[in-house]
Amino acid sequence: MAMTSTPQLITTQNPRREGTGYDKVYQATLELARAHPNLTLVDTHAAFLAKGKDTALYPDNIHPNDIGSRLVAANLIGNGDFIDWSSAIPTGWGLIAPGSAIKTTEVVFSSSFASCLALYANGNQAARLTRYFRNSEAASLIGRTISFAVLYKNNEKQRLPYINLVAKSGGATRTISCSALQFGRGSISGNSGWMWAVANEIPIDADISPSGYNFYIRILPAFGTSAPASNEPVYIQRVIAVEGDLPRGNLIP
């Protein structure tokens, strides 16, 4: 059914790890997309074929595991792993003085990461790291239900970081605090002390201007009513946004 004022898409599913049980459905979906060029095709099936239906992507014959889900749930935030540093701060991010950030290799979540970001308050409780969602990046988020997650590790000598999302949702601009979740069996996996700060299933209003400055996420390493006594940093490994009602960390142990 065509809805002229509403964007529409059609999506495929991942292939079976063994066998051809889904192949006819997949081909029919492609034919439908070709017959209706106004539909946007999201071909998640092809991503698994490109990997040769690797067994590492599945826990069984049908469903993708966490690694397989990475092929489907792409991070909608550019430079969310802080790999690209064009100056004193990672590309696409902003700092409020006197806060500072460095790229460090001394503390990482796991060996799959070469480095992470260390964020310092430098004696100011308002110092923060901010990511404004604008232009094409904003367009990929606006009008969708998005789940945000920040993977971080703080020092016991420092205050807990304050992480929030500012977005127009449900007709009003809201400040949404990201709730902290601790890893289970952290000491066993070697990831003790790492936390997820999560804001899940956030409906982003469709009438947000992509060129505006009212849609962003910010991380304050030492937020409070007074200046922090310590200058220990908060370590930030990843900031991720995916479409859907649950965050996906896209982590490889």
**Q.** Of all residues in region 129-151 being assigned to a strand (DSSP E or B), out of contact with any Cys (no Cβ under 9 Å at 6 or more places or on another chain) and crowded, with 23+ Cβ neighbours inside 10 Å, the one that is modelled with the highest pLDDT
**A.** L129
Q. Within the bounds of region 66-84, is there any residue that is assigned to a strand (DSSP E or B) and either under 25 Å from V242 (Cβ atoms) or of a type in the set (S, T, N, Q) (or both)?
A. no
(Q) Just the residues that are crowded, with 24+ Cβ neighbours inside 10 Å and in contact (Cβ under 8 Å) with a residue 60 or more places away in the chain, please, taken from region 152-163. (A) Y152, P161
Q. Which residue, of I176, I163, is modelled with pLDDT of 95 or more, in contact with a Leu (Cβ under 7 Å, 6 or more places away or on another chain) and in a strand (DSSP E or B)?
A. I176
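The values are calculated or read from the model by the stated rules, or taken from the named source; none is laboratory data. Since the structure is predicted, the reported quantities are computational estimates derived from the model, not experimental observations. Every residue, glycine as well, gets a Cβ built from its backbone with ideal geometry; the counts of neighbours run over all protein chains shown.
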